[in-house]
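Student: First the structure, which I've put down as structure tokens, then a few questions once you've had a look.
Where a number appears in this text, it was derived from the coordinates with a stated rule and is not lab data. The model shown is predicted, which means the values in this text are computed figures rather than measured ones. Because the Cβ atoms are built from the backbone with ideal geometry, glycine has one as well, and the counts that use them run over all protein chains shown.
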Amino acid sequence: MKNIIVSLITVFLIGCKATQVQTVTINASKDDVWSVVSSLGDLANYSALDSSSLTPPGEATVGAVHYVSQGKNYGISDVVTVEKNKTIQTKLKETSWPAHYWNESWYLYDEGNSTGLKYVIDFKGKGLANLGFPFLAAYNKSDMKKTINNIKNHIENK
């Protein structure tokens, strides 16, 4: 019993972290994939998010602010890296979710005549949320897979 209590306190104080990765191959050019992925403000169209926006709107640029919400919860991230047709990285600056950090990255790469898309989320829980961390990680992995598959279907069915 003592070990269980010590483990729970440790998880609560230290937190749980994970890096999750999902990839998909899209039968389209990098330009076509980039035009969808770089418009982070449209992310809610492909994911479980209720809303998303990018300020300034349009294609992601370094310094842009990415806002997402799901229910009453929200996250605000800065776009910290943009390499056209290659990479977008965001860094969390404020959230109502119980997370110390939640940083997202999108990578495009050549996959024969198609384009590979890799979606990475690096996150760390905070407080009591760590007790449900395995459920959060499982939900997040499932949502990431749905997101990139929805992007793939959108692009390929244009």
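Student: Label-point separation (nm) for THR87 and GLN20, each offset 7 Å from Cα along Cα-to-Cβ?
Tutor: Simple spin-label model gives 2.3 nm for this pair.
Student: Relative contact order (percent) for the range 21-158, with alpha-carbon contacts under 8 angstrom and 6 or more residues of separation? Working shown, then result.
Tutor: Values: 293 pairs, mean separation 38.1, N = 138.
Relative contact order for the range 21-158 comes out at 28 percent.
Student: Sticking with this structure for a sec: Tell me the angle of helix 2-14 to the major Cα principal axis of the chain, expressed in degrees between 0 and 90 and rounded to the nearest ten.
Tutor: The two axes meet at around 40 degrees.
Student: Quick check on packing: order 39-50, 136-147 by the mean number of other C-beta atoms within 10 Å, highest mean leading. Walk me through the numbers on the way to the answer.
Tutor: Details: 39-50: 17.6, 136-147: 15.5.
Ranking the peptides 39-50, 136-147 by packing returns 39-50, 136-147.
Student: Further, regarding this structure: Using 0.36 nm per residue, how much length does the chain from ASP50 to LYS146 gain when fully extended, once their Cα-Cα distance is taken away?
Tutor: On the way: separation 96, 0.36 × 96 = 34.56 nm, distance 1.47 nm.
Fully extending the segment from ASP50 to LYS146 adds 33.1 nm.
Student: Here's another thing I want to ask about it. How big is the range 2-156 in terms of Cα radius of gyration and Dmax, in angstroms?
Tutor: Rg and Dmax of the range 2-156, Cα atoms, are 16.5, 57 Å.
Student: So, one more: Students often check this: by mean Cβ neighbours within 10 Å, which of 96-102, 116-122 ranks highest, and how do the rest follow? List each step's numbers first, then the result.
Tutor: Values: 96-102: 16.4, 116-122: 18.1.
Result, highest mean Cβ count within 10 Å first: 116-122, 96-102.
Student: If each of TYR109 and ASP32 carries a label point 7 Å out from its Cα toward its Cβ, how far apart are those two points in nm?
Tutor: If labels sit at TYR109 and ASP32, their model points lie 2.1 nm apart.
Student: Could I ask something else about it? Taking the Cβ of LEU40 as the centre, find all other residues whose Cβ is under 11 Å away and add up their charges (Lys, Arg: +1; Asp, Glu: -1).
Tutor: Details: positive: none; negative: ASP42, GLU59, GLU104.
Residues close to LEU40 contribute a combined charge of -3.
Student: Of the residues GLY112, GLY127, GLY63, which exhibits the maximal mean-square fluctuation in a Gaussian network model of the chain defined by a 10 Å Cα contact cut-off?
Tutor: Checking each option, the largest mean-square fluctuation is seen for GLY112.
Student: Continuing with this model, one more query. Among LEU108, SER142, ALA18, flag the residue with its Cα farthest along the positive direction of the charge dipole of the chain, charges on Cβ as +1 for Lys/Arg and -1 for Asp/Glu.
Tutor: Highest projection toward the positive end goes to ALA18.
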